[in-house]
Amino acid sequence: MQKMLIKGGTPLNGTVRVQGAKNAALPVMASAILLKGQALELDNVPDLQDVRTMAELLQRLGAEVSFTDGRMKISVPEDLEWNTPADLVRKMRASSLVLGPLTARCGKTVLPLPGGCAIGSRPIDFHIKALRAMGARISLRNGAVYAETDGRLKGANVAFDFPSVGATENIMMAAALADGSTTIENAACEPEIVNLANVLRGMGVPIFGDGTPAMRIMGQNFLKSSRASVVPDRIEAATYLVGGVISGGKVKVEGIEPQMLAAALQKLEEAGAKLTLEPDSITAEYAGKLSAVSIKTMPHPGFPTDAQPQFMALLSIADGTSVIQEGIFESRLRHVPEFNKTGTKIAVQENTAVIEGVPEIKGAEMFATDLRAGAAMILLGIAAEGVSKVGNLDHVWRGYEDIIGKLNSLGAKIKLIEE
Ligand code: UD1
């Protein structure tokens with residue numbers, strides 16, 4: 001097994017440039033399915049395992065995909081395969097993002113229930129209910145979703161019980177090719193939703209209200225070629241900023257507007273970090289002391305669940321007792337036993353973690369339980385005295401481009417080993 005060997009105890013100092021957001025690139029790539037004999041060109045696409053999986057999925061459906069130096073071109077033929085490849089779909093939870101566009105474009109699809117991070121059951125019932133409201137017939141058989149429609153999907157008024165990011169994206173894409181207009185109530189407001197809306201607008205779809213809980217999408221008969229850029233990865237940025245502070249150093253992340261990360265930055269400041277905000281960069285510096293903070297993860301613009309494990313790592317060495325409540329996923333605290341191997345004192349009760357800050361932590365061997373937890377374990381290894389190992393790195397490769405190169409450029413001592 002590949003592992004990271006981390007020699008801890010050195011502060012991170014310096015500047016890194018943020019990658020394009022994984023969670024924006026995946027839905028935007030899926031939106032190319034809506035095209036016929038047209039192409040989508042994208043800049044700032046991160047080179048990540050999940051992005052490569054989505055590219056392969058699109059290729060297996062019949063699209064041509066080229067990808068070099070962050071630029072991707074997806075050329076889509078008139079005819080596209082509607083049956084999705086089970087091996088790829090099972091690899092990645094975000095494969096469910098092809099359900100809406102394939103149903104709208106091909107009139108039918110089969111999607112095996114997707115895999116992904118082990119952070120809860122992660123159902124797709126909101127996606128299915130909304131597609132049914134748009135006229136799709138959907139059944140669940142043999143571990144797969146079968147969707148079918150007579151002719152085009154129809155615009156509908158959709159209201160989500162919870163502002164699901166993936167369901168909002170799926171329905172935005174389905175609505176783009178539907179007959180008539182669709183409204184979404186309780187839509188997710190994440191910056192990645194606004195990115196997708198901008199891409200769909202570029203294809204000729206009028207969309208109103210993206211970035212707010214009430215959206216309207218005017219369906220079109222035909223979507224045209226378009227070019228767009230992937231927004232910066234706010235979670236990658238948060239990971240490196242926490243890395244600077246947890247290690248007692250100072251890290252500047254370039255290429256991101258502070259507003260995208262407002263809730264997380266507020267918590268970083270409350271914990272005692274010194275922040276310098278510029279229009280296109282964020283700097284976080286350890287200012288001599290860390291204090292306990294309470295956090296509840298929430299839909300955007302609340303504190304992002306994807307930054308929860310990294311902040312838990314930070315608070316584990318802060319003065320006092322912090323409380324973190326996971327408000328999005330039902331089992332996203334599985335990393336706690338791994339963290340505690342370093343000497344952190346974290347107790348979990350249901351969806352709440354109580355973190356009693358300790359003055360120092362020691363190197364340990366940890367195994368990534370999911371993508372962001374894996375990143376947080378690497379940060380713990382950097383902050384700990386002695387040597388740490390982090391295994392199950394496949395989770396980490398799904399979401400961080402050149403993480404070892406970036407961290408080592410800031411002064412970390414990380415090597416990849418085979419054990
Ligand atoms: C996306 C992100 C993920 C992030 C999450 C929340 C991508 C590729 N992934 O995941 O990194 O952690 O948003 O910010 O963008 N739910 C249902 N039924 C549904 C859909 C969702 O019950 O049909 C529940 C989920 O189980 C979860 C909550 O709603 O408890 C939020 O999930 P959702 O916003 O859909 O997350 P994803 O889109 O899967």
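The numbers here are math on the coordinates, done by the rules we state, and not lab data. All values reported here derive from a predicted model rather than from experimental measurement. Heads up, the Cβs are rebuilt from the backbone with ideal geometry, glycines too, and the neighbour counts pull from every protein chain shown.
Just a few scattered comments:
- Under a 5 Å amide H cut-off, with hydrogens placed 1.01 Å from N, ILE295 pairs with VAL323, ILE324, GLN325 among residues at least 5 apart or on other chains.
- For the range 170-295, relative contact order (Cα pairs under 8 Å, six or more residues apart, normalised by length) works out to 20 percent.
- With one equal scatterer per alpha carbon and no solvent term, the Debye-computed log10 I(q)/I(0) for the range 262-341 at 0.19, 0.27 1/Å reads -0.85, -1.37.
- Extended-chain gain in nm, criterion 0.36 nm per residue less alpha-carbon gap, ASN157 and ALA263: 35.1 nm
- Remark on CYS189: its backbone amide H falls under 5 Å from those of HIS300, a criterion applied only to residues 5 or more positions apart or on other chains, H modelled at 1.01 Å from N.
- Residue of LYS154, LYS22, LYS289 that the Gaussian network model of the chain assigns the largest fluctuation, springs spanning Cα pairs under 10 Å: LYS289
- Over the chain: helical MRE at 222 nm, DSSP H runs n ≥ 4 each giving -39500 (n - 2.57), nearest 500: -8500 deg cm²/dmol
- Taking each residue as 0.36 nm, the span from ARG141 to SER331 lengthens on full extension beyond its C-alpha to C-alpha distance by 65.8 nm.
- DSSP beta bridges confined to the range 1-143 are antiparallel in about 90 percent of cases.
- Prolate/oblate/rounded call for the range 121-244, Cα gyration tensor, a/c under 1.5 rounded: oblate
- The range 1-143 - percent relative contact order, Cα under 8 Å, separation 6 or more: 20 percent
- Simple spin-label estimate for ASN408 and ASP87 in nanometres, 7 Å along Cα-Cβ: 3.2 nm
- In the chain, the DSSP beta bridges split such that about 70 percent are antiparallel, to the nearest 5.
- Karplus-derived 3J(HN,Hα), 6.51/-1.76/1.60, for each residue of the range 254-267, Hz, glycine and proline x: 9, x, 9, 6, x, 4, 5, 10, 3, 5, 5, 5, 4, 5
- Kirkwood-Stokes translational diffusion coefficient of the range 178-297, alpha-carbon pairs, 25 °C, 0.890 mPa s, µm²/s: 149 µm²/s
- Across the range 213-227, computed HN-Hα scalar couplings (Karplus, 6.51 cos²θ - 1.76 cosθ + 1.60, θ = phi - 60°) run x, 10, 10, 9, 10, 9, x, 10, 7, 8, 10, 9, 3, 7, 10 Hz from first to last residue, x flagging Gly and Pro.
- Viscosity 0.692 mPa s, 37 °C: Kirkwood-radius Stokes-Einstein D of the chain over Cα pairs, µm²/s: 151 µm²/s
- Cβ charges +1 (Lys, Arg) and -1 (Asp, Glu), total dipole of the chain, debye: 360 debye
- The range 312-419: translational diffusion in µm²/s, Stokes-Einstein, Kirkwood Rh over Cα pairs, 10 °C, 1.306 mPa s: 111 µm²/s
- Among PRO46, PRO27, PRO123: highest mean-square fluctuation, GNM of the chain, C-alpha pairs under 10 Å: PRO123
- Note on the range 239-306: Rg/Rh from Cα positions, Kirkwood definition for Rh, rounded to two decimals, is 0.94.
- For the range 309-315, putting each phi into the Karplus relation 6.51 cos²θ - 1.76 cosθ + 1.60 with θ = phi - 60° gives couplings of x, 5, 5, 5, 4, 5, 5 Hz, in residue order, rounded to whole numbers and with x for Gly and Pro.
- Taking amide H positions as modeled 1.01 Å from N, with prolines and chain starts lacking one, the residues under 5 Å from ALA159 and 5 or more places away or on another chain are GLU185.
- Three-way shape label, the range 29-127, alpha-carbon gyration tensor, a/c 1.5: oblate
- Over the range 333-381, the pair-distance histogram of Cα-Cα distances with 10 Å bins from zero comes to 27, 59, 14 percent, rounded to whole numbers.
- Among the GluC sites (Glu not before Pro) in the range 1-92, those placed in a DSSP loop whose Cβ has at most 11 other Cβ atoms within 10 Å are GLU78.
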